[in-house]
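The values are calculated or read from the model by the stated rules, or taken from the named source; none is laboratory data. Values in this document were obtained by computation on a predicted structure and should not be read as measured data. Cβ placement follows ideal geometry from the backbone for every residue including glycine, while neighbour counts extend to all protein chains displayed. SASA here: full protein model, heavy atoms, side chains in, ligands and nucleic acids out. Shrake-Rupley method; radii C 1.70, N 1.55, O 1.52, S 1.80 Å.
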Amino acid sequence: ISLQKLMDPEVGANRTSVTEFILLGLTEQLRAVVFVVFLFAYLVTVGGNLSILAAILVEPKLHTPMYFFLGNLSVLDVGCITVTVPSMLARLLSHKRTIPYRACLTQLFFFHLLAGMDCFLLTVMAYDRFLAICQPLTYSARMNQTVQRILVAVSWALGFTNALNHTIALNTLNFCGPNVINHFYCDLPQLFQLSCSSTQLNELLLFVAAAFMAVAPLVLITVSYAHVAAAVLQIHSVEGRKKAFSTCGSHLTVVCLFYGTGIFNYMRLGTDESSDKDKGVGVFNTVINPMLNPLIYSLRNPDVQGALWRVLVGRQSLT
């Protein structure tokens with residue numbers, strides 16, 4: 001079954017009279033300010049993440065599993081903000097706030113594909129740190145290039161399956177009006193509110209997906225770092241402990257930001273009273289987090305800083 005057919009509102013037994021949704025966006029009064037701020041955030045995010053990716057590709061010192069996964073994370077961050085912000089900027093320019101039904105479902109599909117991939121990739125990165133610090137003698141064998149590629153491929157497959165399930169389930173709902181979404185992109189909680197058919201099965205699917213994609217990875221990340229902390233505390237060298245905590249601190253910061261906002265958004269499933277808060281969380285999920293990630297990973301990492309400097313000034317690697 002093609003994805004286009006799945007997203008067609010005329011396919012299947014359930015039909016909907018709504019052919020487009022109206023996205024209210026963030027604020028109507030400060031349209032010009034919002035446009036400038038989000039355009040700037042988009043350019044900074046794309047530039048920062050692509051710079052990180054370029055540094056990883058050209059710097060031999062960064063050709064390690066940790067930076068291989070970080071490069072993939074940078075690609076996800078670019079994708080995540082590209083799914084939501086450019087279309088919002090286009091609506092601000094055109095003064096047209098509508099989005100077709102199929103375009104809404106397409107946006108939702110790719111957003112959940114990338115967000116799901118993020119969940120699993122952050123777990124993989126925690127596992128990588130666990131092997132590197134707790135089992136350094138077998139690290140090279142256990143985290144070789146084949147294993148790295150398999151882990152990333154599995155993460156993509158699981159993210160794709162999750163996004164496709166939500167898209168198919170949402171397409172079974174009827175939308176017969178109203179069609180106004182108090183948000184700046186299409187997401188599940190807000191669309192559930194607009195459905196004129198029961199969303200119990202959809203909410204159950206979202207709950208199960210949250211347990212599988214949020215709770216389980218978070219438990220694995222916590223267990224990994226509990227072992228890492230125990231191993232680091234046994235290091236006698238102060239410099240050694242500092243270096244170990246430094247490589248883990250950036251990742252833990254990203255995990256806290258990502259899961260904190262994600263849990264706040266989806267565990268509540270959105271309500272009319274909290275819709276403005278949902279937009280704030282949406283800004284954090286789709287704009288702030290992707291923009292902060294390259295800063296978090298570069299500010300405390302001299303290897304990344306050196307590689308970025310060489311990329312920017314065009315100097316050759318010193319290694």
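A few points about this structure:
- For the range 1-95, the helices (runs of 4 or more DSSP H) that sit wholly inside it and include 2 or more residues that are at pLDDT 85 or above and open to solvent by less than 30 Å² (accessible area, probe 1.4 Å) are 31-58, 65-94.
- In the range 126-146, the residue that is farthest from L76 (Cα to Cα) out of those that are of a type in the set (A, V, I, L, M, F, W, C) and surrounded by 14 or more Cβ atoms within 10 Å (Cβ to Cβ) is C134.
- Residue match in the range 147-154 (condition: more than 21 Å from the chain's Cα centre (by Cα), closer than 30 Å to V232 by Cβ and surrounded by fewer than 16 Cβ atoms within 10 Å (Cβ to Cβ)): yes
- Exactly one residue out of A244, A169, A230, A209 is open to solvent by 40 Å² or more (accessible area, probe 1.4 Å) and of a type in the set (G, A, S): that is A230.
- Selection count, the range 96-110, where residues are open to solvent by less than 10 Å² (accessible area, probe 1.4 Å) and under 20 Å from the mean Cα position of the chain (by Cα): 4
- Only one of the numbered conditions (1) buried (at least 18 other Cβ atoms within 10 Å of the Cβ); (2) out of contact with any Pro (no Cβ under 6 Å at 6 or more places or on another chain) is not met by T123, and that is (2).
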